[in-house]
Structures are given as structure tokens and as C-alpha cells.
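Q: The structure is given below, and queries will be raised subsequently.
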Amino acid sequence: MYGGYSGEMTAAIARTVLEPRSVGGTHLYAGGQGPPVVLLHGLGGSAANWVQVFPGLVGAHRVLALDLPGHGGSPSLPRGATVSDFAAVVATTLDIEGVGAALVAGHSFGGQVALRLALQRPDLVAGLLLVAAAGISTARPAARRYINVTTRLRPAKLVQPLARRFGARAGFRRAVLGSWFVSDAEALAPPALRGLFRDTREHVGIDVAGAAMTRDDPRAEISSIGCPALVLWGARDLQLPVADGVELARRLDAPLRVVADCGHLVLAERPEAVVDSLAALERAR
């Protein structure tokens, strides 16, 4: 079974009837039946980041959670790749899977990729959920410097072997996440923490993704996106301010949902908000 530590986390994913497989070189988890939902994780994350969201979707949807290029089990793109190149890989994977038009949810960098996918292949995106999406503040010089350093040093890989052993300890969750990632680390469910760090040692090209993220600003183009969209943000997001969500919602002419007492990792902190937002998008189709 694929993964840095298979046992408990793989079992948690397996209970949602999602199975790991490789499609055209891209690693993903897939399962369930019904209207398709595609999940795209953030920079330095993996498909396992959505482990708390899976149970709320698989009963009524065909779910595909991808490892973006350079993350988890997916090979890296070459240096100089753009966010559009990442979106093209997602499009190829969905074409091979025969998915058709899907609800696409993207967190952080995954939201940026989802925007590019909607612009390049509108036939594949029936609805767009942007969860604390990158693309505005991430283009600032300070953000570029921070992302350049962290994607090269990869401090999160040191946490992976400890997360399985100590993830149930509130103090450990507070120590590794603090308030920079979540609003209340001690309240975070242990499986959510393990999902966040599940594949951090397997990444092979997150610096390529980080460089692409900081060079891309989709704002001038996204007003042409025609599918229903919804923007979801944590009220206490210290990485990407709610003001970014306001601007994205305005340019997309989309609703903005702000989740109280929630930080950047909405998919781990408030998975029910993600599921409910996808349901709202489905009703808007």
C-alpha cells in the first residue's frame, strides 16, 4: 500500500471506500458513486489532507483526490513549470478517468490550480470551490521569500514520523501547528493532523510548485469563469487574509463564506464546512 506510514492513515482512508491508484503517473484516491467531486490540496500537502472531508462525500459522490505534481506519489514537473502546467496535469488525469464535468474544490495552492483548470478546461469544471485559495498575497515579495525557503528546507518532513506516534496528544498538535496554520490546534482531530503530514517525506518537487504559485496572479482573467463558484475562508487565517477571499469572490461574482474561529487549514479544522459548501455548489448548478 502506498504511503509514508500506511497502517492507521491508510485504514482511515480505506474506510471511506477510497482506493489509492496511479492514473497517467498521477497518484490519487478514488471511490464512491454519483456526481464527481475533485479535491486538490495545497502546497506541501497531499490527497490525504482531505481525510476528514472524505466521509461526508463518498456516500453521494464519485470522489477523486489527487496528489498534485511533486507531492505525495506524483512525479514533479520540471523547473519553470507554471500553475497552468499543474492544471494541465489535472485535466489529463480527469480525461483518462472519464470524469466529465465535476465539482472541483481546491485548498490554497490547489485553489489556484482549480482556477487555472476552470479557465483552460471549462468542460471539466461544473462548479468551483475555493478554500483559502492562493494567488493574491502569495505573489508579494515577502511571501515569495518565505515560500522559497520553506519549500527547499521542507521542515514538515521532520514531523511525519512523529505524527503517527504523538498525533493524539494535544500538546504535540499545538507545537507543530501553532496558530499559523489553525485557530485551535489542540481541538484538531488527530486523524486530521496525521492526514496533513501523511506524505511530507515523499514530496519530490514542492519547490517547483512554490515557484509557480508565487509567479501566478489569476485575478485579471477569472472574471471570465462561467461556472458557479463559492469562496470559503477561515476568519482567523494568518497565512492568506480574508481580504483575498473578498477580492476573489468579487471578481468571480460568487458568495463568500467565512468560517468563525478557523485558520488556514479549513479542510482539516472544519471539514463539514467544505462538505456543506460543495452541497451548495451542487444546488447552484
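The values are calculated or read from the model by the stated rules, or taken from the named source; none is laboratory data. Predicted model, so just to flag it, every value in this text is computed and none were measured. So basically every Cβ, Gly included, is an ideal-geometry build from the backbone, and we count neighbours across all protein chains shown.
Q: When you go through V275, V246, V231, V208 one by one, which is the residue that is within 14 Å of the chain's Cα centre (by Cα) and part of a helix (DSSP H, G or I)?
A: When all the criteria are applied, what remains is V275.
Q: Additional query: Do you know which of the residues in segment 186-223 that are modelled with pLDDT under 95 and of a type in the set (S, T, Y) is surrounded by the most Cβ atoms within 10 Å (Cβ to Cβ)?
A: T200
Q: Same structure again: For segment 150-176, which positions are over 15 Å from H203 (Cα atoms) and either surrounded by fewer than 13 Cβ atoms within 10 Å (Cβ to Cβ) or in contact (Cβ under 8 Å) with a residue 24 or more places away in the chain (or both)?
A: Residues satisfying the conditions are A163, R164, R165, G167, G171.
Q: List pairs: first residue in segment 120-139 and modelled with pLDDT of 95 or more and surrounded by fewer than 24 Cβ atoms within 10 Å (Cβ to Cβ), second residue in a loop (DSSP other than H, G, I, E, B) and basic (K, R) anywhere in the structure, Cβ distance under 7 angstrom, at least six positions apart or on different chains.
A: A126/R285; I136/R219
Q: Would you mind finding the one in G100, G73 that is farther than 17 Å from V266 by Cβ and either in a helix (DSSP H, G or I) or at pLDDT below 95 (or both)?
A: G100
Q: Right, next: When both residues are 6+ apart or on different chains and their Cβ atoms are under 7 Å apart, which pairs have a first residue that lies in segment 30-56 and is under 23 Å from T214 (Cα atoms), and a second that is of a type in the set (F, W, Y) and outside any helix (DSSP H, G or I)?
A: A47/Y29
Q: A follow-up question, please. Pick out, from segment 114-199, the helices (runs of 4 or more DSSP H) lying fully within it that include 3 or more residues that are touching a Phe, Trp or Tyr at 6+ places or on another chain (Cβ under 6 Å).
A: Of the helices (runs of 4 or more DSSP H) lying wholly inside segment 114-199, those with at least 3 residues that are touching a Phe, Trp or Tyr at 6+ places or on another chain (Cβ under 6 Å) span 160-166.
Q: Then there is this: Please count how many residues of segment 16-45 are part of a loop (DSSP other than H, G, I, E, B) and touching a helix residue (DSSP H, G or I) at 6+ places or on another chain (Cβ under 8 Å). Lay out the reasoning, then the answer.
A: In the first step, residues of segment 16-45 are kept if they are part of a loop (DSSP other than H, G, I, E, B); the result is 16-18, 24-25, 32-35, 41-45.
Filter once more, keeping what is touching a helix residue (DSSP H, G or I) at 6+ places or on another chain (Cβ under 8 Å): 16, 18, 24, 35, 41-45.
Total meeting the criteria: 9.
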